[in-house]
Amino acid sequence: MLHVPALEFNLTIAATGVVISLCRIIDVSLGTLRTISIVQGRKWMAFWLGFFEVILWLIVISEVLNRIQAAPVLGIFYALGFAAGNAVGIELEHWLALGSIILRVISTDHCRELSNCIRVNGFSVTVFHGEGKDGPVAELYIVCRRRELKPLLQLVQDIDPEAFYVTEQAGAVSKIYRPAMQQVTGWRAIFKKK
C-alpha cells in the first residue's frame, strides 16, 4: 500500500510558501525581461538580468528541495510563483515599453491631415501612395519609441477613426525623431537638470 505523508499545513509552511512564490515571481519576471532583452539585442541588460535571475532561482530551488518531502505543498507555491511570474514579467515589460516600434497607418481620405499633425507633434513620418481595394490609399510609415505608441495611435484615431494600422517590432533603428517638447516623467524626472 502506498503511504502518502499527511499534508501538515501550519503558519511556518504557509509563510515559507508565500516567500517562495514571491521570489519565484521576481526571478521568472527577470527571466521574461531577460528573454526580451536578448531578442532586442540588449546584451548587457540581458547579462545582469540573467545574473540576478539565477542567483534568486538557486536560493529558491535549494529551499524547496530541502523541504519538499516534509511539506509537499511548497511545490504548489513554487508552481504558482512560476505561473504568476510569467504574467507579471509580461506586464512589467509592457509598462517599461523598451525599444522601438514601427507604426504603419493606411488612410484613404486623411493622409495630408494625418501626416501634418504627426509632424507637428514631433514625429517623423514618410508617406507612400498606393492602391487599396476601393481605390487610392496612403501609407504613413512612422518609427517611434514603444512608450510613445499609445498617444500616437490616439492622435491617428482622433483624425481618422477609419484608418487601418499595424505595428511591428523594429530591430536596429538609425535615428528616431522624438517629440520636441516631451515632458520628462517617472524616474527620469529625478535626473532632469534644472
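Below are the figures for this structure:
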| quantity | calculated |
| --- | --- |
| Residue that is surrounded by the fewest Cβ atoms within 10 Å (Cβ to Cβ) [pool: residues in the stretch 154-167 that are within 18 Å of ASP109 (Cβ to Cβ) and in contact (Cβ under 8 Å) with a residue 12 or more places away in the chain] | GLU162 |
| Complete set of residues in the stretch 49-83 that are more than 12 Å from ILE20 (Cα to Cα) and in a helix (DSSP H, G or I) | LEU49, GLY50, PHE51, PHE52, GLU53, VAL54, ILE55, ASN66, ALA83 |
| Selection status of VAL88, under 30 Å from LEU49 (Cα atoms), of a type in the set (Val, Ile, Thr) and assigned by TED's automatic domain parsing to the domain that holds SER37 | yes |
| ILE36 closer than 30 Å to VAL143 by Cα, of a type outside the set (D, E, K, R), in a helix (DSSP H, G or I) and not assigned by TED's automatic domain parsing to the domain that holds GLY130 | yes |
| Some residue of the stretch 96-104 being polar (S, T, N, Q), within 29 Å of GLY41 (Cβ to Cβ) and either surrounded by 14 or more Cβ atoms within 10 Å (Cβ to Cβ) or under 23 Å from the mean Cα position of the chain (by Cα) (or both) | yes |
| Candidate set: the stretch 119-148, residues that are within 11 Å of LEU103 (Cβ to Cβ) and aromatic (Phe, Trp, Tyr); chosen: the one modelled with the highest pLDDT | TYR141 |
| Residue match in the stretch 92-112 (condition: over 24 Å from VAL28 (Cα atoms), in a helix (DSSP H, G or I) and in the same structural domain as GLU162 (by TED's automatic domain parsing)) | yes |
| Single match in GLY130, GLY135 (criterion: loosely packed, with under 14 Cβ neighbours inside 10 Å, at positive phi and either free of Cβ contacts under 8 Å to residues at least 40 places away in the same chain or not assigned by TED's automatic domain parsing to the domain that holds GLU91 (or both)) | GLY135 |
| Every residue from the stretch 34-59 that is buried (at least 18 other Cβ atoms within 10 Å of the Cβ) and at pLDDT below 90 | ILE36, SER37 |
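This table checks each residue for (1) within 21 Å of GLN169 (Cβ to Cβ); (2) assigned by TED's automatic domain parsing to the domain that holds PHE82; (3) touching an Asp or Glu at 6+ places or on another chain (Cβ under 8 Å).
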{"site": "VAL18", "(1), (2), (3)": "no, yes, no"}
{"site": "GLY31", "(1), (2), (3)": "yes, yes, yes"}
{"site": "ARG42", "(1), (2), (3)": "yes, yes, no"}
{"site": "MET45", "(1), (2), (3)": "yes, yes, no"}
{"site": "ILE55", "(1), (2), (3)": "no, yes, no"}
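The values are calculated or read from the model by the stated rules, or taken from the named source; none is laboratory data. The structure presented is a predicted model; accordingly, all values stated were derived computationally and were not measured. Here the Cβ is made from the backbone with ideal geometry for all residues, glycine too, and neighbour counts use every protein chain on show.
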